[in-house]
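The values are calculated or read from the model by the stated rules, or taken from the named source; none is laboratory data. All values reported here derive from a predicted model rather than from experimental measurement. Cβ sites come from the backbone with ideal geometry, for glycine too, and all protein chains shown count toward neighbours. Calculation scope for accessible area: heavy atoms of the full protein, side chains included, ligands and nucleic acids excluded. Shrake-Rupley method; radii C 1.70, N 1.55, O 1.52, S 1.80 Å.
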Amino acid sequence: MSLEEKVLNIMCDVFEMENLTTDASQKNCMRWDSLHHLTLASELEETFDIELEPEEIAQMTDFKRVMDMINSKL
């Protein structure tokens, strides 16, 4: 499984949605609210054994930025 697929799977689980794609963002995903955003950050930290700063978490507003943040930590 690729890194991209892992992240999409985590996002699907967190947002309780089946068909998220790489164009997922806070603007087009109704379930991407503040609580789910923090849950996403926590799941990413746990899965990839990384630590995200509050500013970094705030910048993760779409799939591409989530991927950029994870890649910068690995």
When every residue in region 37-63 that is over 12 Å from Val7 (Cα atoms) and among the β-branched types (Val, Ile, Thr) is compared, the one most open to solvent (accessible area, probe 1.4 Å) is Thr39
If we keep only residues of region 1-36 that are of a type in the set (D, E, K, R) and part of a helix (DSSP H, G or I), then the residue surrounded by the fewest Cβ atoms within 10 Å (Cβ to Cβ) is Glu5
